Amino acid sequence: MSVVTVQLGQCGNQVGHELFDVVCGDAHDGQRRSYCSVSRERFFHQTERGDLVARAVLIDMEPKVIKHSMNKAANSGRWTYGDDAHFSQKQGSGNNWANGFCVHGPRHEAALEELVRRQVERCDRLSGLMAMMSVAGGTGSGVGTYVTQCLRDTFPKSFIVNQLTWPYGTGEVIVQNYNSVLTLAHLYGLSDAILVHENDTVHGICARLLNLKHISFGDVNRVIAHQLGAVLQPALTTDSHGLYSRNPLGELASALVCHPEYKLLSMSTVPQMPSASIAYSTFSWPGPLRHLRQMLVSNSKMEEGIDWQVRLPAASERSRSLTGGGRGGGRGGGGAAAAAIFNRSLANLLILRGKDVYSAETGGFEDPALFTSWLSPRDAFSLWKSPVPFNKYEKSATLVSNSQALLRPLDDMSLHPPVR
Amino acid sequence: MRHSKVGQCGNQVGCRFWDLALREHAHVNKTGVYDDALSSFFRNVDSRKSDGGACGFGGRIQHLKARAVLVDMEEGVVNEILQGPLSEVFDSTQLLTDVSGSGNNWAVGHMSYGSVYREQIVDKLRKAAEHCDCLQCFFLIHSMGGGTGSGLGTRVLSLLEEEFPEVCRIVTSVYPSPEDDVITSPYNSVLAMKELSEHADCVIPVENQSLVDIVNKIKHMSDGGKPGLTIRKDSSIISGQGGLRGAEKPFDAMNNIVANLLLNITSSARFEGSLNMDLNEIAMNLVPFPRLHYLVPSLTPLYTLADVSVPTRRLDQMFSDAFSKDHQLLRANPKHSLYLACALMVRGNVQVSDLRRNIERLRPSLPFVSWNQEGWKTGLCSVPPVGHSHSLLALANNTCVKSTFLDLKERFTKLYRKKAHLHHYLHVEGMEQSCFSEAITSLSSLIEEYHHLDATKGKLIPDAPRLSIAR
């Protein structure tokens with residue numbers, strides 16, 4: 001039931017901190033008791049005095065970020081990181097994946113494994129491990145990949161999920177594409193599922209949906225944390241038989257990663273609005289769900305500027321492969337142009353949280369036209385629910401997709417710089 | 001980090017640097033606790049302790065000692081430092097001096113003193129390195145035109161590579177202006193260039209003339225300028241105010257600029273921020289091929305206006321300024337050449353959205369090399385420099401440095417053709433004519449490499465000879 005989070009590098013540690021903040025704030029007293037206790041058990045270890053200590057290991061090759069995160073947590077008054085749960089060095093990885101993977105990782109393997117083991121032993125039952133990191137830098141990407149490898153060796157039967165943050169397209173790090181490609185190539189063989197957030201997308205959400213004029217990395221990280229929280233907080237799944245699922249990572253992976261060649265998952269959450277507006281908004285299910293479905297179909301990343309012209313391909317155009325009818329495909333028939341940019345899914349997971357979840361109409365997500373022909377919608381589509389409102393939104397819906405949505409960023413990444 | 005200051009220029013700049021560094025940390029560190037940030041530049045020593053006195057983090061500041069080695073072959077400058085208010089910051093084990101100087105002769109610095117003092121230099125560097133928990137980088141500060149800084153300085157550089165091959169070496173080199181009064185400065189500079197190309201990880205060239213221009217601009221603003229627009233005294237990058245030093249000395253204003261450059265480069269390694277940038281990330285991102293490691297620096301803002309009712313210059317103006325020639329510390333023109341890479345190190349109250357907006361705005365007018373169209377290296381440090389709410393240091397690997405090198409080559413050739421002053425060098429033990437021809441060849445081929453990349457500008461040339469390395 002518990003998830004141990006491994007925070008790697010500056011990004012991993014900053015986002016991780018926001019995640020614990022979100023889930024702690026979400027499951028406060030006053031919420032339904034079982035939701036609260038499952039959430040707490042999942043993310044925190046409770047000391048005898050009742051203090052919440054995050055089930056997390058903080059790893060970085062320089063000390064400043066970890067120090068900052070730990071102080072911030074301690075100052076929150078609601079939860080802390082364990083005193084013995086961090087590892088840092090002084091010299092950094094120099095944005096060099098090879099430094100992280102070939103030098104720092106192996107050099108400190110024993111110490112890092114010990115830290116993770118300590119956290120795992122404190123769990124009554126381990127439901128899985130989540131490694132959080134960026135792919136652009138040196139530590140998150142390089143050490144993160146190495147640590148994932150160690151986790152896989154040490155816990156061969158556990159579910160391991162990687163949460164990756166992809167950098168802005170116009171650069172934060174000049175060698176980011178090298179670091180990203182090397183990371184993804186290795187993780188594919190190690191991870192059970194890879195959850196991806198793109199800085200550009202999240203930045204757009206901050207600008208256009210949250211109306212933030214001055215967007216800081218803190219703002220970006222809070223959006224990512226909100227989306228992750230929406231996925232990882234307790235939910236009732238098809239296998240959990242009326243109780244909150246004890247196996248969130250496993251069920252996530254089995255719902256979505258139906259084929260070992262396709263592990264990259266993207267996510268969208270609706271609604272997202274400035275927190276000041278939440279109190280004044282009314283929520284109902286049909287509108288947001290309709291938007292979410294079209295966002296999936298047209299590969300729009302947010303609830304604004306959705307392209308409603310993109311339609312599902314007609315029955316005659318459906319094909320066996322993932323790419324037929326996708327990019328550049330779709331011959332003949334009036335809907336060909338629209339079908340050419342339709343985002344085909346392998347699998348989708350819809351998570352509904354809040355009031356009246358049981359009355360929400362989700363049939364639109366089971367349309368076979370959304371998916372490939374070799375998986376029936378019954379197997380390709382999963383639905384989780386929780387009657388508890390998440391993070392102040394009376395109703396919210398999150399869609400985690402295994403689809404073509406990440407093709408374009410992947411292409412961009414591997415094209416620059418050209419390695420001949 | 002370890003600083004080695006060599007020669008008059010190096011030590012004078014260094015002196016301003018340590019003064020301003022103390023000022024900056026005093027501004028930020030209100031608790032008097034010896035913290036991580038301080039420890040990157042300073043040791044904390046309690047001289048009452050018998051074991052050498054080193055104090056770890058978290059304790060009160062006792063005596064701060066700079067992590068530095070000062071080298072000069074005449075005593076004047078170093079003695080002055082030791083008699084001034086910064087004397088406490090250095091102890092005798094960190095110094096290496098001689099009496100008669102190098103006579104503006106690279107060979108004397110590099111060969112003669114280089115051999116005589118080799119052991120001592122290595123010894124002092126070793127001791128200094130041992131005091132560091134984790135040695136991330138060496139900074140070398142020197143001038144190119146003289147004898148000690150240029151000659152002995154580059155000898156120290158190759159010793160650093162020999163003794164500490166894995167530690168990054170960043171060199172700040174002050175290049176002579178054409179009107180430099182040292183006649184042999186072209187010889188010294190070209191001989192030093194070969195060493196820099198071969199042994200440095202990256203070089204930040206600074207031209208005296210650019211520094212002079214900036215100083216004049218600021219003086220004009222603060223003296224003449226528009227009525228009512230006065231500059232905040234401690235905020236200009238030429239000001240040493242707030243430091244320990246009293247009256248200003250002649251080169252102080254120019255040296256303060258270089259000192260500020262060093263403070264800004266190291267800011268993200270010392271203070272926290274939302275997107276940290278370490279020193280070893282600089283070479284990693286900005287140096288695409290080993291010898292092409294010359295980075296053009298620009299610093300903004302140059303000053304803050306004192307009158308708070310005048311609206312502070314828009315943040316975006318700061319980014320535009322970084323790409324204007326007025327703020328460069330080198331007199332080349334990057335906009336007509338090719339960017340191989342560019343780094344923006346931002347300090348203060350600036351968010352990632354500001355950074356993105358400005359990159360998108362400026363990017364279309366900046367010519368980038370075909371295989372790095374989108375690549376920028378960015379850093380956000382929360383702590384601004386003293387007297388400013390924000391600042392920006394841009395480091396550009398741009399082919400325009402080629403023009404600086406071409407100038408140098410021309411001045412060298414003028415002298416060398418006539419063999420003028422050559423005998424002073426050839427008389428030095430270990431120095432031969434081949435040193436000169438090798439040095440000029442090295443410079444010529446460096447210029448050629450930049451030339452080749454320039455030729456790819458605007459075209460999609462698949463195979464400039466350089467790029468075949470990727471195969």
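If the requirement is being of a type outside the set (Val, Ile, Thr) and either open to solvent by less than 20 Å² (accessible area, probe 1.4 Å) or within 14 Å of another protein chain (Cβ to nearest Cβ) (or both), which of these qualifies: A:190, A:256, A:236, A:243?
A:256
Name the single residue that is nearest to residue A:43 (Cα to Cα) among those in the stretch A:59-108 being in contact with a strand residue (DSSP E or B) (Cβ under 6 Å, 6 or more places away or on another chain) and within 14 Å of chain B (Cβ to nearest Cβ).
Restricting to residues being in contact with a strand residue (DSSP E or B) (Cβ under 6 Å, 6 or more places away or on another chain) and within 14 Å of chain B (Cβ to nearest Cβ), the top hit is A:66.
Being assigned to a strand (DSSP E or B), out of contact with any Gly (no Cβ under 8 Å at 6 or more places or on another chain), in contact (Cβ under 8 Å) with a residue 24 or more places away in the chain and surrounded by fewer than 23 Cβ atoms within 10 Å (Cβ to Cβ), is that true of even one residue in the stretch B:325-337?
Looking for residues that are assigned to a strand (DSSP E or B), out of contact with any Gly (no Cβ under 8 Å at 6 or more places or on another chain), in contact (Cβ under 8 Å) with a residue 24 or more places away in the chain and surrounded by fewer than 23 Cβ atoms within 10 Å (Cβ to Cβ), one finds none in the stretch B:325-337, hence no.
Within the stretch A:385-399, can you find the residues that are touching a strand residue (DSSP E or B) at 6+ places or on another chain (Cβ under 8 Å) and open to solvent by 10 Å² or more (accessible area, probe 1.4 Å)?
Matches in the stretch A:385-399: A:385, A:387, A:389, A:393, A:394, A:395.
Go through the stretch A:1-87 and tell me which strands (runs of 3 or more DSSP E), entirely inside it, have 2 or more residues that are free of Cβ contacts under 8 Å to residues at least 40 places away in the same chain and either surrounded by fewer than 24 Cβ atoms within 10 Å (Cβ to Cβ) or basic (Lys, Arg) (or both).
Strands (runs of 3 or more DSSP E) meeting the threshold: A:44-46, A:52-54.
Scan the stretch B:350-380 residue by residue and report those that are of a type outside the set (Ser, Thr, Tyr), open to solvent by 50 Å² or more (accessible area, probe 1.4 Å) and either more than 9 Å from chain A (Cβ to nearest Cβ) or not in a loop (DSSP other than H, G, I, E, B) (or both).
Across the stretch B:350-380, the qualifying residues are B:357, B:360, B:361, B:364.
Are any residues in the stretch B:68-89 open to solvent by 30 Å² or more (accessible area, probe 1.4 Å) and outside any helix (DSSP H, G or I), and if so, which ones?
Correct list: B:74, B:75, B:85.
Just to be sure, is residue B:194 within 23 Å of residue B:291 (Cβ to Cβ) and surrounded by fewer than 21 Cβ atoms within 10 Å (Cβ to Cβ)?
yes
Let me spell it out: the conditions are (1) within 14 Å of another protein chain (Cβ to nearest Cβ); (2) open to solvent by less than 50 Å² (accessible area, probe 1.4 Å); (3) assigned to a loop (DSSP other than H, G, I, E, B), and residue A:273 meets all of them except one. Which number is the exception?
(1)
So in the stretch B:90-143, with the set limited to residues that are in contact with a Lys or Arg (Cβ under 6 Å, 6 or more places away or on another chain) and in a helix (DSSP H, G or I), which one is modelled with the highest pLDDT?
Checked the stretch B:90-143; the qualifying residue modelled with the highest pLDDT is B:110.
Residue B:291: open to solvent by 10 Å² or more (accessible area, probe 1.4 Å) and within 24 Å of residue B:170 (Cβ to Cβ), yes or no?
yes
Take the residues of the stretch A:366-384 that are of a type outside the set (Ser, Thr, Tyr) and in contact with a helix residue (DSSP H, G or I) (Cβ under 6 Å, 6 or more places away or on another chain): which is least open to solvent (accessible area, probe 1.4 Å)?
A:371
The values are calculated or read from the model by the stated rules, or taken from the named source; none is laboratory data. Nothing here was measured: the structure is a model prediction, and the numbers come from that model. No Cβ is skipped: glycine too gets one built from the backbone with ideal geometry, and neighbour counts run over all protein chains shown. In case anyone asks, the SASA skips ligands and DNA or RNA and just uses the protein heavy atoms, side chains included. Shrake-Rupley method; radii C 1.70, N 1.55, O 1.52, S 1.80 Å.
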